[in-house]
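Notes to accompany the following structure.
The values are calculated or read from the model by the stated rules, or taken from the named source; none is laboratory data. Since the structure is predicted, the reported quantities are computational estimates derived from the model, not experimental observations. Note that each Cβ is placed from the backbone with ideal geometry, even for glycine, and that neighbours are counted across all protein chains shown. Surface accessibility is based on the protein's heavy atoms, side chains included, excluding ligands, DNA and RNA. Shrake-Rupley method; radii C 1.70, N 1.55, O 1.52, S 1.80 Å.
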Amino acid sequence: MLQAASTYLDWNNSIDILNKAYDAGLFALIIGPKGTGKTSLVREFAAKKSAKLESVNFSLRTRESHLVGAKTLTDGSIGFDEGILIRSMREGSLLYLDEINAAEADVLLRLDEALDDRRQIVLKESTGEMIKANEKWFVVATINPLTHVGTKELPPQILSRFPIRIRLDYPPEETELQIVKRYASSGHDEKLIQGIKLANTLRQAAAVEELYYSPSLRETIAFAKLLDSGMNAKEAAVIVFGNVYSQWGNVEYQKVNDIITSMFGS
């Protein structure tokens, strides 16, 4: 069966950096705001490596048991279901730690045990077995900026486990156009360029705290898909880029809609 063509555009040579990190046995950290393609990058890298991808999305609800495992009781017999960390270490799969700076301190402490140079962890929750990682085991983590809700500063010892650091920001406008066109049909270039310029205007305003929200690549792709559906550009811009600001009140909403009107007309 033919593999579907990739929609990922490696505009800042991140795949090559990850390849070098993999070959050197060095874990990697991808830093950047939401919606810049961090997860897409990791999936693309795993696909190119033909590696099994195991993922953990961290939040306040992520517990040690999600990583290491938990005891089970079946028909009166006590067993143990290994967590994703142990499973990936045994199999030598690619472990993706998404938004690691949203994890709680106790979870990070347990994770740190496996991430040090020995690449091993004691399974104290079960038999006390020492789990040593398969030599192919590779870990990639992502973090969002500290301005994002739920994020916190990573402890220095965790940061040091990821000596390869890739900064993934929003791409230049001409590159974003190339990315968006991989998800939508051609024929709307002029309107797409306007939509991308609008997204960047809103991102810049959010960066200096003039607005509460910064649109992601997902929004520019959604804008392109609405154009494909036959919707006019002004309406698509209001739906994708404008309406979300109403949650912060009419002043914020009107500020953004004035920007949209100035760019797309009334």
(Q) Taking the condition of being within 22 Å of Ile30 (Cβ to Cβ) and in contact with a helix residue (DSSP H, G or I) (Cβ under 7 Å, 6 or more places away or on another chain), how many residues in segment 74-109 meet it? (A) 9
**Q.** Those helices (runs of 4 or more DSSP H) lying entirely in segment 207-266 with at least 2 residues in contact (Cβ under 8 Å) with a residue 60 or more places away in the chain
**A.** 217-228, 250-264
Q: Within segment 19-35, track down each residue that is in a helix (DSSP H, G or I), surrounded by 16 or more Cβ atoms within 10 Å (Cβ to Cβ) and not aromatic (Phe, Trp, Tyr).
A: Ala21
Q: Given the conditions (1) touching a residue at least 24 places away in the same chain (Cβ under 8 Å); (2) open to solvent by 70 Å² or more (accessible area, probe 1.4 Å); (3) over 16 Å from Val68 (Cβ atoms), report the number of the one that Lys132 does not fulfil.
A: (3)
**Q.** Matching option when the condition is closer than 21 Å to Leu159 by Cα and within 22 Å of the chain's Cα centre (by Cα), among Ala51, Ala21, Ala46
**A.** Ala21
Q.
Could you go through segment 36-43 and let me know if any residue there is open to solvent by less than 20 Å² (accessible area, probe 1.4 Å), touching a Ser or Thr at 6+ places or on another chain (Cβ under 6 Å), farther than 24 Å from Gly92 by Cα and part of a loop (DSSP other than H, G, I, E, B).
A. no
Q. If you go through segment 74-101, how many residues are open to solvent by 10 Å² or more (accessible area, probe 1.4 Å) and either charged (D, E, K, R) or assigned to a helix (DSSP H, G or I) (or both)?
A. 9
Q. Restricting attention to segment 46-73, and to residues there that are out of contact with any helix residue (DSSP H, G or I) (no Cβ under 7 Å at 6 or more places or on another chain) and under 13 Å from Val139 (Cβ atoms), which single residue is most open to solvent (accessible area, probe 1.4 Å)?
A. Ser55
**Q.** Any hit, segment 246-263, residues being under 21 Å from Pro145 (Cα atoms), modelled with pLDDT of 95 or more and touching a Gly at 6+ places or on another chain (Cβ under 9 Å)
**A.** no
(Q) Tell me whether segment 6-14 contains one or more residues that are modelled with pLDDT under 95, among the small types (Gly, Ala, Ser), surrounded by fewer than 17 Cβ atoms within 10 Å (Cβ to Cβ) and over 11 Å from the mean Cα position of the chain (by Cα). (A) yes
Q: Give segment 201-254 a look and list any residue that's surrounded by fewer than 17 Cβ atoms within 10 Å (Cβ to Cβ) and in contact with an Asp or Glu (Cβ under 8 Å, 6 or more places away or on another chain), or say none.
A: Tyr212, Ser246
Q: Go through Ser93, Ser55, Ser59 for me and flag whichever is over 29 Å from Pro215 (Cα atoms) and of a type in the set (Ser, Thr, Tyr).
A: Ser93
